[in-house]
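Asks: The structure that follows is given in the form of structure tokens.
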Amino acid sequence: MKITAVDPFYLRMPNITTAADGTQDTLLVRIRTDTGIEGWGECDASPLVSLAVYCCPMSHGNIINIRTSLIGETLDSPDDVVRLSEKVLRNGLDIQQIQHAYSGAEIALWDVIGQQLEKPVYCLLAEISDTSDIAHPKLPYASVLFGDTSEDTYHIAAGLREQGYRAAKFGWGPMGKFGEANDIALVQAAREGMGPDAQIMIDAGVVWGTDYETAYQRAEAFAEFLPTWLEEPLAPDAIDAYDSLTEKNPSVPIAAGEGSSIYRMAEDLIVNGGIQFVQIDAGRIGGIMPSFKVRHLAERRGIQYVNHTFKSHLSLAAALHVFATNPDFDLLEYPAAGSELSQSLVVEPFPVESDGTVRVKELPGLGISINIEAIRPYLAPVRIEVGADTVFAQESL
């Protein structure tokens, strides 16, 4: 099977705001083959920056774009996915955005090979790692932003409880910006809205930078509301600060990792930062295989692996396959309040089943189909020219 096309697509909502909402736009990647099989992936990054990595003219042997590296290549087995990833990253050695951007293509390659071999991606991962191929249900936690006020947050939480969610994560917004009392009020509102029996998670949105003392104080203040974790209280690369924070043994466990754009960043947070939950986005770290490597590191270190997914159910599919076969990693970040674009991207989103869990689909590849007609209105035309040469002209969906 030969790769015949690698097409990135820039999709966006009509109006983009400053809200910390990564569902307002996206970059999809479609890979086509000479057999007629096509696969899809999604990047969680600045779409146009990532798109450039797919088509930028060669500068020298270490700056070769993703499409040039992949088109014409053979794709017949999971070994080829690994081989092609090594080729792409070697050819793009000096492109700083390469892993982040390549995530979409790597996910699409797994989708293609799973369809070709008529197996779900999680089964292929189990085969190459000699681990169990039994998928386990996950408890979805609705992933939403804090309301502008504690009252708004309460109503958001109460609405999630009415929808049947047994867990929810509240993040960003005003957290950390208006003093300790306001932060505590936000968390209290989330707890009261969700009720005493639900899990709540708090995402501080890197608001305290390297200030681990404030992060520790907030963790202690939030403890009475029994959050499952305090997420990203510090900057993604503040490894020493994370180490200082976790050394103080705060009453609320510390989670981080979504900002990891390469495996080494996640490894650093786990080994040297002391975090207890590592949260990995397959659409940022380079795709499914580097996410799978972090999963195994988490297993060896005795900490919890959790997906980071604040995008569409295409991204959710990629995330699920990474850790579907580990019954102990049972929490699933579930996009619950995204844009119309993100909600309409796949034909059949992952449902929350009657027992309150979400399961990976027992279908070849990622197990999802793109809803082309629904997302076509969001396609933003892109054309890149250098002098008289057209470097990129976006294909039609």
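Asks: Could you do me a favour and compute the accessible area per residue for the range 171-254, 1.4 Å probe, result in Å²?
Replies: Details: 3370 Å² over 84 residues.
Accessible area per residue, the range 171-254: 40 Å².
Asks: Pick out which of 87, 138, 311 has the largest mean-square fluctuation in a Gaussian network model of the chain, springs linking Cα atoms closer than 10 Å.
Replies: With Cα springs under 10 Å in the chain, the top fluctuation among 87, 138, 311 is at 87.
Asks: Still on this structure: Using amide H atoms built in the peptide plane, which far-off residues or other-chain residues are under 5 Å from residue 332 H to H?
Replies: Amide H neighbours of residue 332, under 5 Å, 5+ apart: 139, 141.
Asks: Still on this structure, please answer the following. Would you work out what percent of the accessible area of the range 215-325, with all protein chains in place, is carbon or sulfur (probe 1.4 Å)?
Replies: On the way: 1440 of 3260 Å².
Within the range 215-325, the accessible surface is 44 percent carbon and sulfur.
Asks: Still on this structure, I have one more. When the Karplus curve 6.51 cos²θ - 1.76 cosθ + 1.60 is applied with θ = phi - 60°, which whole-Hz ³J(HN,Hα) does each residue of the range 119-126 get, with x for Gly and Pro?
Replies: After applying 6.51 cos²θ - 1.76 cosθ + 1.60, I find 9, x, 4, 5, 5, 5, 5, 5 Hz.
Asks: Give me the distance between the Cα centres of the range 376-397 and the range 202-279, rounded to whole Å.
Replies: Result: 40 Å between the Cα centres.
Asks: Heavy-atom accessible area per residue, the range 30-103, 1.4 Å probe: how many Å²?
Replies: On the way: 3020 Å² over 74 residues.
With the other protein chains kept in place, the range 30-103 gives 41 Å² per residue.
Asks: Also: Using Cα pairs under 8 angstrom and six or more residues apart, how large is the relative contact order of the range 1-61, in percent? If you can, show how the numbers build up before the last one.
Replies: Details: 87 pairs, mean separation 20.7, N = 61.
With pairs under 8 Å counted, the relative contact order is 34 percent.
Asks: Next up: Suppose a student asked you for the relative contact order of the chain, using Cα pairs under 8 Å spaced at least 6 residues apart; what percent would you report?
Replies: Values: 896 pairs, mean separation 74.9, N = 397.
Reported relative contact order: 19 percent.
Asks: On the accessible surface of the range 120-172, probed at 1.4 Å, how many percent belong to carbon and sulfur atoms? Display every interim value, and only then the final one.
Replies: Working: 1150 of 2360 Å².
Carbon with sulfur: 49 percent of the solvent-accessible area.
Asks: Could you provide, to the nearest whole Å², the per residue accessible area of the range 331-397 with probe 1.4 Å? Let's see the in-between values first.
Replies: Values: 3470 Å² over 67 residues.
That works out to 52 Å² per residue.
Asks: If you don't mind, another one. With only Lys, Arg, Asp and Glu charged, each at its Cβ (+1 for the first two, -1 for the last two), find how big the charge dipole of the range 291-373 is about the Cα centre; round to the nearest 20 debye. Spell out each step's value before the answer.
Replies: Working: 7 positive and 10 negative charges, 96 e Å.
That gives the range 291-373 a dipole magnitude of about 460 debye.
Asks: Could I ask something else about it? Kindly work out what percent of the DSSP beta bridges joining two residues of the chain are antiparallel, to the nearest 5.
Replies: The answer is about 50 percent antiparallel.
The values are calculated or read from the model by the stated rules, or taken from the named source; none is laboratory data. Here the structure is a predicted model, which is why all the values come from computation and not from measurement. In this analysis, Cβ positions are derived from the backbone assuming ideal geometry, glycine residues included, and neighbour counts consider all displayed protein chains. Heavy atoms of the whole protein, side chains included, go into the accessibility calculation; ligands, DNA and RNA do not. Shrake-Rupley method; radii C 1.70, N 1.55, O 1.52, S 1.80 Å.
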